[in-house]
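Here is the structure we will look at, set down as structure tokens.
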Amino acid sequence: MPASSAPVIEPPRLGEPWLLTPGPLTTSWAVKSAMLRDWGSWDDDFRAMTADLRARLLALLGPGGDSYDCVPMQGSGTFAVEAMLGTFVPRQARALVLANGAYGQRAAEALRVMGREPVVLDKGDYLPPRGAEVAAILARDPAISHVVAIHCETSSGILNPLEEIAETVAAAGRTLLVDSMSAFGAVPLDPATVPFEAMVSSANKCIEGVPGFGFVFAKKAALAAAKGVAHSLSLDVHAQWAAMEKTGQWRFTPPTHVVAAFLQALREHAAEDGVTGRGARYAANRDALVAGMRALGFETLLDDRWLSPIIVTFFQPADPAFAFPRFYAAMKARGFVIYPGKLTAVESFRLGCIGRIDTKVVGALLDAVAETLREMGVESAAPPASALAERARLGETVA
Ligand SMILES: *Cc1c(COP(=O)(O)O)cnc(C)c1O
């Protein structure tokens, strides 16, 4: 990454802690400041902002994005996932959900709630769904028309093998829907290499905006064909798209200040050399974080090969002096908000690599971790044997 494109990171000006979390995350002062002005949602100025937002997002898809459009949807990321599933999985269709964590489970749950009972490949807490097993399920069940995949499963931090999955789904002549909430903007996702029908992400992840809306990318032909498919009035991507194409407006009150902040975040993303620069900064954060934590005696859940540049899961130390609530509070007192783990079998916690942070911030975080361990009287950060056994099992399964 050329040094000139890396942003200068300043500490949060109001003295708030750094957020080492997967979103909401630490944003720049300019992003926060962009929210100080009010906008009329009907006014031309705001319509121009919406058009700019859609065009800038589409450009991030890369050359394969020509036949796609981008539709912002109010709400948190889950609202956009639910809108995508409801709009592109027809009522009678059968979808296969590839789940290896909370977000895959949530996509399956959303389909159930809207009466589209899915088939679920459940890989547990963190094992990656692989092309061969997906191919076998699709061969066995010709009624499956859609496959739902999670790009980075934020519960464990695993970067799922999306290209392999996309190839399999395309070869079987089925349709791919992707939740790239926590990866889009930092991990390349060009439809030329990952042919998807629709994909979703949100404002408060790798683009480094504030929470308030998500956005769905979909093939224009699929958007046009999806009239009347949605189960919901407000979570209807086709209707939002049709209204935006016609009037330039969102159908219901848009999060105007969040959109203004997001446009500033997109300008900063572009100034950082887009997906390449953003991905390089996050990968450098991850590398510094993993090396530093390992030097302190911690171990990662995942093998290097599966570690995303988004968020990393670490095992909690076996040392009886370690207690997560105390660790969390002591880290917060030192200016760092961390994230609890989400594994069912072993105790863990997570540290994010995304947001307005760099390796200097990671260095300060590592110093805070070392001090906190000393303060707590933790002599070794090594995980319990059961955690290492779990990881060995993972290695055998994904080799
Ligand atoms: C953040 C995230 C979501 C959306 O979560 P919300 O809390 O609704 O914003 C969905 N999927 C993944 C993979 C995520 O990381």
Relative contact order (percent, whole number), the stretch 333-379, Cα cutoff 8 Å, 6+ residue spacing: 25 percent
Approximate spin-label separation THR276-SER145, in nm, with each point projected 7 Å along Cα-to-Cβ: 4.0 nm
Computed over the chain: relative contact order in percent, which uses C-alpha pairs under 8 Å that are six or more apart: 23 percent
CD proxy at 222 nm, helix term only [per DSSP H run n ≥ 4: -39500 (n - 2.57); per residue of the chain; nearest 500]: -12500 deg cm²/dmol
Inter-part distance where the stretch 130-171 and the stretch 277-355 are each reduced to a Cα centre, Å: 27 Å
Student exercise, the stretch 225-315 dipole from Lys, Arg, Asp, Glu Cβ charges, in Debye to nearest 20: 280 debye
Test item: Cα-centred dipole of the chain, Lys/Arg +1 and Asp/Glu -1 on Cβ, debye: 560 debye
Long-range HN-HN contacts of VAL147 with modeled amide H, under 5 Å: LEU96, THR175, LEU176, LEU177
About the Cα centre, charge dipole magnitude for the stretch 35-270 (Lys/Arg +1, Asp/Glu -1 at Cβ), debye: 480 debye
Sites matching trypsin sites (Lys or Arg not before Pro) across the stretch 290-379 that sit in DSSP coil, with at most 12 neighbouring C-beta atoms within 10 Å: none
Taking the stretch 35-270 and dividing mean pair separation by its residue count, relative contact order in percent (alpha carbons under 8 Å, at least six apart): 28 percent
Extent along principal axes [Cα atoms of the stretch 35-270; Å; largest to smallest]: 54, 35, 31
Per-residue Cβ neighbour rank within 10 angstrom, fewest leading, ASP273, ASP125: ASP273, ASP125
Computed E for ARG91/ALA243 - FRET, C-beta separation, R0 30 angstrom, nearest 0.05: 0.85
Under 17 Å from LYS205, Cα to Cα: lysines that are on another chain or at least 8 residues apart: LYS32
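We did not get these values from a lab; they are worked out from the coordinates using the rules stated. Please read these numbers as outputs of a predicted model, since none were measured by experiment. Glycine gets a Cβ as well: all are built from the backbone with ideal geometry, and neighbour counts include every protein chain shown.
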